[in-house]
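A quick write-up on the structure given underneath.
The values are calculated or read from the model by the stated rules, or taken from the named source; none is laboratory data. On a predicted model such as this, the values are computed, not experimentally measured, just so you know. A quick note on method: Cβ atoms are made from the backbone with ideal geometry, for glycine too, and the neighbour counts reach across all protein chains shown.
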Amino acid sequence: MKKFLSVAILALSFIIFAHSAQAFEVKVDNSVNLNKEEIADGNVYASCGEMKIDGTVNGDVIAICKSIIVNGTINGDLIAFSQDVVINGEVKGSARVAGTNITVNGTVDHNINAFGTEINLTPSSTVAWDVLVAGVNGKFNGTIAGNLHGSISAATVAGKIGKNINLTIDDVDAKQGGLLITKDAIVGGGLTYSARQEARLESLSSVVGPVSRQEIKDTSETPLNVLSTIFYKLSALILIGLVLISLKKKFAYDVAQNLETKNWQATLIGLGALILTPLIILFFTITIIGIPLAIILLAIYLVVLALSLILSSFFVANTLLKSFYKKPVNVFVILILGLTIFVLLASLPYIAGAFVLAFMIYGLGGILITIKNYLYA
C-alpha cells in the first residue's frame, strides 16, 4: 500500500505540473532527442521509448520512458520513471528517479532521490547535496557533499561522503547484501546503519566520525509503527484528495451521485477495468512500438486507482453525513472523514485487502461512469 501510494503520488505530479506550468513542451514519440545545439525554454514533459538530452533544458524534465540519457544540461529538476536512467551531464536542480538501472556519471547540483534495482554513482559523479536511496544494490563511488541515507539490500561505498552515512541494510541473506566501506572511501561524518550483519570496513580511518550499528528488529506490530503507517497512508491520500477537490469539486460530487444511483453498474465496470487495463498495457508493451502508449496508460491507471480510493471514500462519508446530519457539510470535512474511515478499514488485520479492493473497484466504476456521462452530455 505504501509503495503504491508513493508511485501514485509521483505519477499524479505529472498531471499537476502540466496543469500549472506556463511554458512547457510535451513530447510523445518512440524516440525523443534534444540535440546538442537545441535549447528548450521551459519544462519538458515526455512519454517515449528512448529519450536523449544532449542540449539544454531551461526548466524541469518530467518523463516516463523506457530509457533516459542526459548528456546535456537540465537547469531544473529531473523527475523520471524509466527502465534505465543515465546522467552523464548536469542536473542543476534535483534528480528524482525510479527505474531498474540508475547510473550517475555527471553532476547533480541539489539532491538525488533514487528508487531502483541497481543504483550506481560512478567515480566521476558529483552530488552537491544529499542522496536518498531505496533499492537492491548500490555503488557509491563518486562524491556526495552531503549525506547518504535510505534503505538498500547491498551497498558499496568507495567514494567521498562529505557528511554522514545513515542506511538501513536489508541483508536477509548473509551471503548477499550487506555494507562495504572500501579503503578508498572517505566519510567526513559518522556511519550509522541498521543491519543483521556487521559492515565490512577495509580501513577504520575511512570514517572520520563514530560508527554505530543497530540490530534490525521486527517492529511491524508495535503500536507506534501501526500509528505511523496509518498516518502515512492518510496523509498521502489527503494530499491527492485536496488537489482533486481544489481543481474539480463538482467531479467528486458527480461520482458520489453516480455511485449512489448506479451501484451495481459501478461495481461491474470497475471490476472489468481493474482486470482488463493491465492486460491492455501488457499487450502494448509486447508490441514494442506501443511502449510509449503503454507507459502513458500505466501512469493514468495508477493515478485513477489512487483517485478511485479517494472518491469512493468521499462517497461513503457523504452518504453517512447525509443520513445523520441534514445540514450542508464542508467538502473538505467530507473528504477527510471519508479517507480516515478508509485508512482505518484498510489497516484491519486479515480483511484489509478486501476493503482496499472493494473501494478501488467501486470508485473506479464511478469514475468511468462519470467520465462517460460528461462525454455524452
Return the total of residues in segment 199-223 being surrounded by 11 or more Cβ atoms within 10 Å (Cβ to Cβ), of a type outside the set (Ser, Thr, Tyr) and at pLDDT 75 or above.
9
Kindly check whether there is at least one residue in segment 172-191 that is modelled with pLDDT under 95 and hydroxyl-bearing (Ser, Thr, Tyr).
no
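Gly99: in the same structural domain as Ile74 (by TED's automatic domain parsing) and surrounded by 20 or more Cβ atoms within 10 Å (Cβ to Cβ), yes or no? Explain how you work it out, then say what you get.
Working: in the same structural domain as Ile74 (by TED's automatic domain parsing): yes; surrounded by 20 or more Cβ atoms within 10 Å (Cβ to Cβ): yes.
Here the answer is yes, as Gly99 does meet what is asked.
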If I ask for residues that are at pLDDT 90 or above, surrounded by fewer than 17 Cβ atoms within 10 Å (Cβ to Cβ) and either assigned to a loop (DSSP other than H, G, I, E, B) or not charged (D, E, K, R) (or both), which ones from segment 14-41 would you list?
Asn33, Asn35, Lys36, Glu37, Glu38, Ile39
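Here is a check on your reading of the model: is Ile341 hydrophobic (A, V, I, L, M, F, W, C) and either under 17 Å from Lys248 (Cβ atoms) or in contact (Cβ under 8 Å) with a residue 60 or more places away in the chain (or both)?
Working: hydrophobic (A, V, I, L, M, F, W, C): yes; either under 17 Å from Lys248 (Cβ atoms) or in contact (Cβ under 8 Å) with a residue 60 or more places away in the chain (or both): no.
No; evaluated as a whole, the condition is false for this residue.
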Taking the conditions exactly as written (buried (at least 19 other Cβ atoms within 10 Å of the Cβ), small (Gly, Ala, Ser), at negative phi and assigned by TED's automatic domain parsing to the domain that holds Ser31), does Gly72 satisfy them or not?
yes
In the set Ala11, Ala80, which member is aliphatic (A, V, I, L, M), at pLDDT 85 or above and either crowded, with 19+ Cβ neighbours inside 10 Å or assigned to a strand (DSSP E or B) (or both)?
Ala80
